[in-house]
Amino acid sequence: MAETIFSKIIRGELPCHKVYEGDLVLAFLDIHPIAPGHTLVIPKEPAATLDELSEASAAALGKVLPKLCRAVKQATGIEAYNILQNNGSAAHQAVFHVHFHIIPKPDSDRGLGVGWPSAPLAAQDADRWRQAIISAIA
């Protein structure tokens with residue numbers, strides 16, 4: 001995996017506004033926040049995308065994310081929030097180290113804006129995709 005700003009933060013070579021650290025996970029404030037309290041949660045394991053992450057690191061992230069969401073809600077007083085996680089440049093990933101954003105949504109002008117260009121799922125496509133995904137789970 002390529003060297004990233006997160007690698008340097010994990011090694012202590014760059015400072016961060018740390019809010020949580022465990023054996024496998026680190027969380028800190030985003031230095032370019034979308035909203036007050038915008039927090040990044042990263043595994044210490046080097047992996048560019050979520051599918052490359054070990055089960056142990058994924059489980060550690062899954063365990064701590066709810067706790068950090070509750071803390072961000074309590075600290076900011078904002079009830080609504082988004083969890084954002086991008087994989088690959090086409091999906092708008094800018095830092096190629098797995099990371100989750102906890103982004104408070106204080107009002108319609110602040111926080112994450114999301115467009116959702118959905119379309120109905122055709123029955124023939126549903127069965128084809130369902131079978132393909134089931135077959136890929138191993």
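Derivation of every value follows stated rules applied to the coordinates shown; laboratory data play no part. Remember, it's a predicted structure, so these values are computed and weren't measured experimentally. Here Cβ is always computed from backbone atoms with ideal geometry, including for glycine, and neighbour counts include all displayed protein chains.
Couplings 3J(HN,Hα) of the range 48-57, computed from phi: 6, 10, 4, 5, 8, 7, 5, 4, 5, 5 Hz, in residue order, whole Hz [Karplus 6.51 cos²θ - 1.76 cosθ + 1.60, θ = phi - 60°; x for Gly and Pro]. The helix-based estimate of mean residue ellipticity at 222 nm for the chain, built from -39,500 (n - 2.57) per DSSP H run of four or more residues and divided by its residue count, is -10000 deg cm²/dmol to the nearest 500. Only Cα pairs under 8 Å and 6+ residues apart enter the sum, and on that basis the relative contact order of the chain stands at 23 percent.
Each of Q131, L121, A58 was scored by the projection of its Cα onto the charge dipole of the range 5-136, and the greatest displacement toward the positive side belongs to A58; charges sit on the C-beta of Lys, Arg, Asp and Glu. Modelled spin-label separation between T49 and M1, with each label point placed 7 Å from Cα along the Cα-to-Cβ direction: 1.4 nm. Name the residue farthest towards the positive end of the dipole of the range 11-127 from the options A75, A27, P46, assuming +1 on Cβ of Lys and Arg, -1 on Cβ of Asp and Glu, about the Cα centre. It is A75, whose Cα lies furthest towards the positive end. When each of L14, L61 is scored by the number of other beta-carbon atoms lying within 10 Å, the sequence from fewest to most is L14, L61. Taking the Cβ of N82 as the centre, find all other residues whose Cβ is under 13 Å away and add up their charges (Lys, Arg: +1; Asp, Glu: -1). Net charge in that neighbourhood comes out at +1.
For the range 1-35, applying the loop criterion from DSSP together with a ceiling of 14 other beta carbons within 10 Å to the GluC sites (Glu not before Pro) yields E3, E13. Put a dot 7 Å past the Cα of W116, heading toward its Cβ, do the same for Y20, and the two dots end up 2.5 nm apart.
Using Cβ point charges alone (K and R +1, D and E -1), the dipole size of the chain about the Cα centre works out to roughly 300 debye. Note on Rg and Dmax of the Cα atoms in Å: of the candidates (1) 15.1, 47; (2) 16.9, 52; (3) 23.5, 94, the value calculated from this structure sits at (2). 3J(HN,Hα) along the range 67-78: 4, 5, 4, 4, 5, 5, 4, 5, 5, 8, x, 9 Hz, from the Karplus curve 6.51 cos²θ - 1.76 cosθ + 1.60 with θ = phi - 60°, whole Hz, x for Gly and Pro.
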